[in-house]
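> Here's a structure for you.
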Amino acid sequence: MRVLRTFLRPGWIALAVVVVAFAALCFSILAPWQLGKNSKTSDRNHLIEQAVSIAPVPLASVAPAGSGFRSDTEWREVHITGTFLTDKQALVRLRSVGERPAVEVLTPFRVAGSDRVLVVDRGYVRPEQGQTPVVPPPPQGEVTIDGRIRASEGTSPGRGAAVVDGALSVYTIDPGELSRATSTAMDPFYIQISPNQPGALGEIPLPQLDSGPYLSYGLQWLAFGIMAPLGAGYFIYAEIKQRRRTRGTASTDSAAVTTDSQAPATATSASATSERAARRKRLRAELRGDTAVDDSDHSETTRIGLGPDTEHAPDDVRDKLTQRYGG
């Protein structure tokens with residue numbers, strides 16, 4: 001019960017709440033978040049590996065008109081024939097390619113023989129300080145290009161399309177947002193143009209095929225979620241052990257104090273017993289009529305200022321002492 005009262009104090013209760021909340025956060029949010037990213041990266045790498053091993057095919061065979069976007073078709077390379085719509089072009093700002101700032105160029109592309117319009121990412125140009133970068137125009141008329149199907153990146157609230165320095169600008173590649181900004185219906189995915197194609201600009205490389213650190217991060221969060229309760233358990237064990245050691249030391253000190261307090265009483269009792277024994281001994285000597293002089297009487301007769309004891313000396317000794325000292 002005493003131990004239970006100890007751990008019902010506010011400090012220990014707060015520690016228990018923090019440990020439980022942290023462990024729950026690790027197991028329910030942080031570890032799944034990192035492991036989920038690892039799964040997505042692995043799936044993406046698998047799709048890229050498959051796509052690069054397959055030759056380009058016509059767009060209609062992979063993504064027919066009106067079919068929408070299917071995730072299993074991402075990164076597939078397709079042929080498209082049509083015309084670039086330069087009047088609906090937009091710039092994607094605040095991008096990075098090769099660890100340097102870049103501006104990607106989105107130019108809608110109308111598929112030949114239909115009203116179908118796709119957003120084509122033509123690549124990138126480097127930004128110019130204080131002004132809109134110069135973007136080479138795409139070829140006029142009908143052309144055939146190869147490109148890879150890519151999923152929309154979506155648009156964050158407040159980060160929609162806007163006109164900046166006279167050019168339509170966006171911050172993510174979102175065909176839906178560009179469709180609203182240009183009042184033109186577009187497919188929900190976009191095409192990342194392949195290198196050396198008509199109208200292509202700076203090449204945007206494919207992602208590196210590694211899973212990244214997400215798996216190790218997820219395992220670390222799981223380990224932290226396990227270690228937190230174990231650490232709290234160790235602190236509880238150390239606290240109980242320390243309290244038991246303190247109680248044992250206090251009991252030993254109390255016993256030592258009790259023994260020390262009894263020692264003087266024992267000595268006093270022994271002294272009193274010795275004095276009583278001496279008195280009984282003298283009383284028995286008096287009752288027997290013992291004429292022997294005890295130590296205290298002898299010491300009285302031999303004090304300084306008194307003459308030699310001649311009363312009990314032999315006659316010849318007494319005569320000599322009388323002649324020397326008189327009496």
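The values are calculated or read from the model by the stated rules, or taken from the named source; none is laboratory data. Only a predicted model underlies this, so the values are computations on that prediction, with no experimental measurement involved. When we count neighbours, we look across all protein chains shown, and the Cβ atoms used for this are built from the backbone with ideal geometry, even at glycine. We work out accessible area using only protein heavy atoms, side chains counted, and drop any ligands, DNA or RNA first. Shrake-Rupley method; radii C 1.70, N 1.55, O 1.52, S 1.80 Å.
> Restricting the search to region 213-237, which residues are open to solvent by less than 40 Å² (accessible area, probe 1.4 Å) and either farther than 18 Å from Gln34 by Cα or over 14 Å from the mean Cα position of the chain (by Cα) (or both)?
Ala228, Gly231, Ala232, Gly233
> Every residue in region 86-105 that is touching a residue at least 40 places away in the same chain (Cβ under 8 Å), open to solvent by 40 Å² or more (accessible area, probe 1.4 Å) and either hydrophobic (A, V, I, L, M, F, W, C) or within 24 Å of Ser156 (Cα to Cα) (or both), please.
Selection gives Lys88, Gln89, Leu94.
Per-residue answers, yes or no, for (1) within 30 Å of the chain's Cα centre (by Cα); (2) among the small types (Gly, Ala, Ser):
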{"position": "Ala24", "(1), (2)": "yes, yes"}
{"position": "Ser42", "(1), (2)": "yes, yes"}
{"position": "Ser61", "(1), (2)": "no, yes"}
{"position": "Leu91", "(1), (2)": "no, no"}
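> Please go through region 117-136 and pick out each residue that is assigned to a strand (DSSP E or B) and β-branched (Val, Ile, Thr). It would help to see each step written out before you state the result.
So in region 117-136, the residues assigned to a strand (DSSP E or B) come out as 117-125, 128, 131.
Once the filter is applied, which keeps residues that are assigned to a strand (DSSP E or B) and β-branched (Val, Ile, Thr), region 117-136 yields Val117, Val119, Val120, Val125.
> Can I ask one more? Go through region 15-54 and report how many residues are open to solvent by 60 Å² or more (accessible area, probe 1.4 Å) and touching a Ser or Thr at 6+ places or on another chain (Cβ under 9 Å).
So the answer is 1.
> Just one of the numbered conditions (1) crowded, with 21+ Cβ neighbours inside 10 Å; (2) out of contact with any Lys or Arg (no Cβ under 7 Å at 6 or more places or on another chain) is not true of Pro108; which one?
(2)
> For region 178-186, check the following and say yes or no: at least one residue is within 26 Å of Arg44 (Cβ to Cβ) and either open to solvent by 40 Å² or more (accessible area, probe 1.4 Å) or in a strand (DSSP E or B) (or both).
Step one: of region 178-186, the residues within 26 Å of Arg44 (Cβ to Cβ) are 178-179, 186.
Applying the additional criterion that residues be either open to solvent by 40 Å² or more (accessible area, probe 1.4 Å) or in a strand (DSSP E or B) (or both) yields none.
No: region 178-186 contains no residue that is within 26 Å of Arg44 (Cβ to Cβ) and either open to solvent by 40 Å² or more (accessible area, probe 1.4 Å) or in a strand (DSSP E or B) (or both).
> Taking only pairs six or more apart or across chains, which ones have beta-carbon atoms under 9 Å, a first residue in region 115-139 that is under 19 Å from Val97 (Cα atoms) and of a type in the set (Gly, Ala, Ser), and a second residue that is assigned to a loop (DSSP other than H, G, I, E, B) and open to solvent by less than 50 Å² (accessible area, probe 1.4 Å)?
Filtered contacts from region 115-139: Gly123/Gly199; Gly123/Ala200; Gly123/Leu201; Gly123/Ile204.
> Of the conditions (1) under 18 Å from Arg93 (Cα atoms); (2) open to solvent by 30 Å² or more (accessible area, probe 1.4 Å), Val119 satisfies every one except a single condition; which number is it?
Just one mismatch for Val119, condition (2).
> With the structure loaded, tell me whether Glu142 is open to solvent by 50 Å² or more (accessible area, probe 1.4 Å) and closer than 26 Å to Val57 by Cβ or whether it fails that test. Even if it seems obvious, please write down each step before you answer.
Numbers: open to solvent by 50 Å² or more (accessible area, probe 1.4 Å): yes; closer than 26 Å to Val57 by Cβ: yes.
For Glu142, the condition - open to solvent by 50 Å² or more (accessible area, probe 1.4 Å) and closer than 26 Å to Val57 by Cβ - is met.
> Please work out if Val57 is among the β-branched types (Val, Ile, Thr), open to solvent by 30 Å² or more (accessible area, probe 1.4 Å) and over 28 Å from Leu168 (Cα atoms).
Values: among the β-branched types (Val, Ile, Thr): yes; open to solvent by 30 Å² or more (accessible area, probe 1.4 Å): yes; over 28 Å from Leu168 (Cα atoms): yes.
So Val57 passes the test.
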